[in-house]
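Novice: What follows is a single structure, and I will ask about it in a moment.
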Amino acid sequence: MSRKSSPDSSPTPRAQGFRWPAEWEVQRAVWLAWPHNAEDWPGKFPSIPWAYVEFVRLIAEGQTVGLVVKNQAMRDAASDMLERGGVDLERVQFLQAPTNRVWLRDSG
């Protein structure tokens, strides 16, 4: 079902020129959200941020990583962990925005 824009609604992302790229297309960055919802990993959360440090470190070896954090405190904590994990912070771009999960595909 497609959603068309009307005078009393916002234009759709497609009408604004956006589209969902295929996974094989060239990309400028890989975007991740810093983990913060412990309910996503019951009983395992303390190790999850360190797993993300490793994800970011490996991705950043080849391209830029965009990292969504909810506030400055989360950015500071993530930066500290990434630096301690050997991540080249020059390859990480932070974006401060609210999220409820790490699954950015489902974020608005």
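The values are calculated or read from the model by the stated rules, or taken from the named source; none is laboratory data. Because the structure is predicted, anything quoted here is derived from the model rather than measured. With ideal geometry, Cβ positions are generated from the backbone for all residues, glycine too; neighbour counts draw on all protein chains shown. The area values use the complete protein model at the heavy-atom level, side chains included, leaving out ligands, DNA and RNA. Shrake-Rupley method; radii C 1.70, N 1.55, O 1.52, S 1.80 Å.
Novice: Treat every Asp and Glu Cβ in the chain as -1 and every Lys and Arg Cβ as +1, leave all other atoms uncharged, and give the resulting dipole magnitude about the Cα centre to the nearest 20 debye.
Specialist: About 440 debye.
Novice: So, for the chain, what is the accessible surface per residue at a probe of 1.4 Å, expressed in square angstrom?
Specialist: That works out to 75 Å² for each residue.
Novice: With angles folded into 0 to 90 degrees, how steeply does helix 72-84 sit against the dominant principal axis of the chain? Use alpha carbons for both and round to 10.
Specialist: Roughly 50 degrees between the two axes.
Novice: Could I ask something else about it? Name the long-range amide H neighbours of Gly66: under 5 Å, sequence gap of 5 or more, or other chain; modelled H, no Pro or chain starts.
Specialist: Distant-sequence amide H within range of Gly66: Val30, Trp31, Leu32, Gln93.
Novice: Stretch Ala29-Gln93 to full length: gain in nm at 0.36 nm per residue minus the Cα-Cα span?
Specialist: That pair, Ala29 and Gln93, stretches by 22.1 nm at full extension.
Novice: Can you give me the % of accessible surface on the chain that is carbon or sulfur? Probe 1.4 Å, all protein chains present, nothing else counted.
Specialist: Carbon and sulfur together cover 52 percent of it.
Novice: Ala60: net charge of surrounding residues, Cβ under 14 Å, Lys/Arg +1, Asp/Glu -1, itself excluded?
Specialist: Once all neighbours under 14 Å are counted, the net charge is -2.
Novice: Quick one: helix 48-60 against the long Cα principal axis of the chain, what's the angle to the nearest 10°, folded into 0 to 90?
Specialist: Helix 48-60 and the main axis of the chain meet at about 70 degrees.
Novice: While we're here: Average the reciprocal distances over every distinct pair of alpha-carbons in the chain, invert the result, and give the Kirkwood radius in Å.
Specialist: 15.7
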